[in-house]
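The values are calculated or read from the model by the stated rules, or taken from the named source; none is laboratory data. As the structure is a prediction and not an experimental result, all values here were calculated from the model. Backbone-built Cβ (ideal geometry, glycine too); neighbour counts: all protein chains shown.
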């Protein structure tokens, strides 16, 4: 397994390509830069097997039309975000106009579900708060290696995603953070914006996780 990060667009969104080592790849949150994603797939000699969306905000999905035109694949998104992310409710300057839903959209990112892309198996963790359908994707590492959490805009290094957008929910975010705090501390966290981190680091320095843990202990 190999993971490549591509930073895309005005909001410096992290798109991740995950290669299974057997010629297939998944893209998590393709952002805006379809040409760079397609070039990375070509360079690796990999076929796109799935596109996974942590949530529906336009800075995470703007590349979909160009990406899928060149490399058709199923697109997975939670139903709670699918109902609005391809409508006028999802305008976000300076990004392109509202997108049409892909023909091969799969709206079944239920909590605990598994999404397979080649030899990769992603486990879905429902983590609403930033948006109603926000999810994280947990990918187990090789034996002895830590798991990888694709955290979308739920958890950042030292911070969390905003809850003041339409559909954001502080209470839901707090519950989602409590859930992530229970993951093994060695879990590698790959957020939707900013640098990678670990659960151990976030449990030590992230004020939002610290406040969540404090509230739970009371």
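Could you check, for the stretch 155-167, whether at least one of its residues is at positive phi, in contact with a strand residue (DSSP E or B) (Cβ under 8 Å, 6 or more places away or on another chain) and not in a helix (DSSP H, G or I)?
Yes.
Whether any residue in the stretch 133-156 is at pLDDT below 95 and buried (at least 19 other Cβ atoms within 10 Å of the Cβ) is what I want to check.
Taking every residue of the stretch 133-156 in turn, none turns out to be at pLDDT below 95 and buried (at least 19 other Cβ atoms within 10 Å of the Cβ).
Looking for something out of contact with any strand residue (DSSP E or B) (no Cβ under 8 Å at 6 or more places or on another chain) and surrounded by fewer than 22 Cβ atoms within 10 Å (Cβ to Cβ) - is there at least one such residue anywhere in the stretch 110-129?
No - not one qualifying residue is present in the stretch 110-129.
Filter the stretch 84-106 down to the residues that are at pLDDT 90 or above and farther than 22 Å from residue 13 by Cα, then identify the one that is surrounded by the fewest Cβ atoms within 10 Å (Cβ to Cβ).
Within the stretch 84-106, the match that is surrounded by the fewest Cβ atoms within 10 Å (Cβ to Cβ) is 104.
With the checklist (1) over 23 Å from residue 138 (Cβ atoms); (2) surrounded by fewer than 18 Cβ atoms within 10 Å (Cβ to Cβ) in hand, flag the one item residue 21 doesn't pass.
All conditions are met except number (1).
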